[in-house]
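Participant: Quick one: this structure, given as structure tokens, is what I'll be asking you about.
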Amino acid sequence: MNSFNPQIVVVGGGIAGCVAAIAAAEERKSVLLVDRSVRIGGNATNSNVGTICGAYYRNSSGIPRLTGYKFCELFISKLIALSGSKPINYHNGLFVIPYEWSVLQSLLEQQLKNADVTIWNEAEVTNLQTNQNRIAQLDVKKDGKRFQLNTDAVIDWEWYRLSTGSLKYVVIVFLPVCVANFQSK
């Protein structure tokens, strides 16, 4: 079995997982993003979603207002510039961004590359080992090979699948807590 030691492992390459990986990498951590799909982006690129919700506050003014997170502002402005789309008032002040999935996928890949995040597509967590209620190791299968990942933290965006599978532990680390911990060290 091969060994690999990233400081942070992010399980799940949807938008939330990609953002978590980028945020962790911006804290100068070595990050591995593990996703079971052929391409990153989760449902936003692998199914017929077509809009991003949650980037704007719901409001009755008729004017879209971004949530205010710097990454969100930069990412959405790049997506708008690349796709030529504009926020639309979907329903009662709920604004969404329409996009072409390939544009979103390319933007996510570029952002991950710029942040120096390692991406393992078509990879799956097969086992989780703990020591004194802390994650000691993840086993990941990729390209027919098995890897033991010794890591400091796991950010899991596929918690439902993992919690209903053969794993004994559900690992959910919320990003703001994770980032706060990085900054306090």
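Participant: Sort out for me the strands (runs of 3 or more DSSP E) sitting completely within the range 1-59 that have 1 or more residues that are farther than 12 Å from A153 by Cβ and of a type outside the set (D, E). I'd like the intermediate steps shown before the answer.
Facilitator: On the way: elements: 2-4, 8-11, 31-34.
Qualifying strands (runs of 3 or more DSSP E): 2-4, 31-34.
Participant: Further question: Within the set of pairs 6+ apart or on separate chains, which have a first residue in the range 95-124 that is assigned by TED's automatic domain parsing to the domain that holds V31, a second that is among the basic types (K, R) and surrounded by fewer than 19 Cβ atoms within 10 Å (Cβ to Cβ), and C-beta atoms under 6 Å apart?
Facilitator: W120/K142; A123/K142; E124/R36; E124/K141
Participant: Those residues that are of a type outside the set (A, V, I, L, M) and under 18 Å from the mean Cα position of the chain (by Cα), I need them from the range 68-93; list them, please. Please lay out each step first, then the result.
Facilitator: Of the residues in the range 68-93, the ones of a type outside the set (A, V, I, L, M) are 68-73, 75, 77-78, 83-87, 89-93.
Y69, K70, F71, C72, E73, F75, K78, listed by residue number.
Participant: If you take the residues of the range 104-148 that are in a strand (DSSP E or B), among the hydroxyl-bearing types (S, T, Y) and out of contact with any Lys or Arg (no Cβ under 6 Å at 6 or more places or on another chain), which of them is surrounded by the most Cβ atoms within 10 Å (Cβ to Cβ)? Please lay out each step first, then the result.
Facilitator: Start the filter on the range 104-148 by keeping residues that are in a strand (DSSP E or B), which leaves 118-120, 123-131, 134-142, 145-148.
Then drop every residue that is not among the hydroxyl-bearing types (S, T, Y), which leaves 118, 126, 130.
Now drop any that are not out of contact with any Lys or Arg (no Cβ under 6 Å at 6 or more places or on another chain), which leaves 118, 130.
Numbers: T118: 15, T130: 12.
Ranking the qualifying residues of the range 104-148, first place goes to T118.
Participant: Need the failing condition index for L66 against (1) outside the structural domain of I155 (by TED's automatic domain parsing); (2) at pLDDT 85 or above; (3) farther than 19 Å from Y90 by Cβ, just the number.
Facilitator: Of (1) outside the structural domain of I155 (by TED's automatic domain parsing); (2) at pLDDT 85 or above; (3) farther than 19 Å from Y90 by Cβ, only one is false for L66: (3).
Participant: Right, something else. Go through K78, K86 for me and flag whichever is of a type outside the set (S, T, N, Q), loosely packed, with under 15 Cβ neighbours inside 10 Å, modelled with pLDDT of 90 or more and not assigned by TED's automatic domain parsing to the domain that holds N127.
Facilitator: Details: K86 fails: modelled with pLDDT of 90 or more.
When all the criteria are applied, what remains is K78.
Participant: Which residue, of A16, A20, is in contact with a Leu (Cβ under 7 Å, 6 or more places away or on another chain) and of a type in the set (G, A, S)?
Facilitator: A20
Participant: I'm told W120 meets every condition in (1) in contact with a helix residue (DSSP H, G or I) (Cβ under 7 Å, 6 or more places away or on another chain); (2) within 26 Å of I8 (Cβ to Cβ) except one. Can you identify the failing condition by its number?
Facilitator: (1)
Participant: For the range 9-40: of the residues being of a type in the set (D, E) and farther than 21 Å from A136 by Cα, which is farthest from the chain's Cα centre (by Cα)? Before the answer, list the steps.
Facilitator: Going residue by residue through the range 9-40, those that are of a type in the set (D, E) are 26-27, 35.
After this cut, where a residue has to be farther than 21 Å from A136 by Cα as well, the list is 26-27.
Working: E26: 14, E27: 15 Å.
Result: E27.
The values are calculated or read from the model by the stated rules, or taken from the named source; none is laboratory data. Everything numeric in this text was worked out from a predicted model, so none of it was measured. All Cβ positions, glycine included, derive from the backbone under ideal geometry; neighbour counts span all protein chains shown.
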